[in-house]
Amino acid sequence: MIVEGEWGRIEEITLTYVVVAIWDERRLVVPISYFIEQPFQNWTRTSSNILGTVMLYTDYSVPLGPLRAELQRLLDTTELWDKRVGLLQVTDAKERTLELRVLVSASDAGKAWDLRCYLREHLIGWLQRQQPQSLPRLRVMQSDTADDITDHA
């Protein structure tokens, strides 16, 4: 659940307050009236399953097939993934980069966070080793003629 911008799990409910165990091991004590008066996100009403995203920004030259294969290989080798959703999509084509979204599923928010970090680190590492030309880069056009050179002095 998310309360006041913090995500965690309900640890205790009393007549006057609710204790939320926050992801970083803090405890958020919230008056019971908060849950009556304020909206909150509940991630576990029927299940704790959750989707997570990893955004990558690459050059247009990125080979999507091999990158998808590497994503699948990474998913198949981790217990963090619950095997429900695992895909890579091109979500935008910006002026200098492709925006790629990795969408994956996990059995709870903590595993989803760890899975997202694992995939981001390993996919970037794979790009650095296997496809360094696919990392974002700035292109500079150079003219072949002296007429195109402007003196700004």
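Rule-based calculations on the coordinates, nothing more; no lab input. Here the structure is a predicted model, which is why all the values come from computation and not from measurement. Backbone-built Cβ (ideal geometry, glycine too); neighbour counts: all protein chains shown.
Before moving on, here are some points about what is shown:
- The alpha carbon radius of gyration of region 50-134, expressed as a multiple of 2.2 N^0.38 Å, is 1.05.
- A Cβ-based charge dipole, computed about the Cα centre of region 50-134 with Lys and Arg at +1 and Asp and Glu at -1, lands at about 80 debye.
- Estimated vicinal HN-Hα couplings, Hz - region 106-122 in sequence order (Karplus 6.51, -1.76, 1.60; Gly, Pro = x): 8, 6, 7, 5, x, 5, 4, 4, 4, 5, 4, 5, 4, 5, 4, 4, 6
- Nearest 10 degrees, 0 to 90: helix 64-76 Cα axis against the chain principal axis: 30 degrees
- Using every pair of distinct Cα positions in the chain, the Kirkwood expression returns a hydrodynamic radius of 18.8 angstrom.
- Amide H contacts under 5 Å for V18: V30, I32, restricted to partners 5 or more places along the chain or on a different chain, H placed in the peptide plane at 1.01 Å from N.
- Placing a pseudo-label 7 Å from each Cα along the Cα-to-Cβ vector at T91 and F40 gives an inter-label distance of 2.7 nm.
- Going from the fewest other Cβ atoms within 10 Å to the most, the residues S105, S33 appear in the order S33, S105.
- T97 long-range amide H proximity, modeled H, under 5 Å: none
- Each of W7, W23, W81 was scored by other Cβ atoms within 10 Å of its Cβ. Arranged with the fewest first, they read W23, W7, W81.
- Between V3 and G8, the built amide H atoms are under 5 Å apart, and every one of these is 5 or more places off in sequence or on another chain.
- Likely footprinting exposure, E6, E37, fewest C-beta neighbours within 10 Å first: E37, E6
- Structural descriptor for the chain: relative contact order 21 percent, calculated from alpha carbon pairs under 8 angstrom and at least 6 residues apart.
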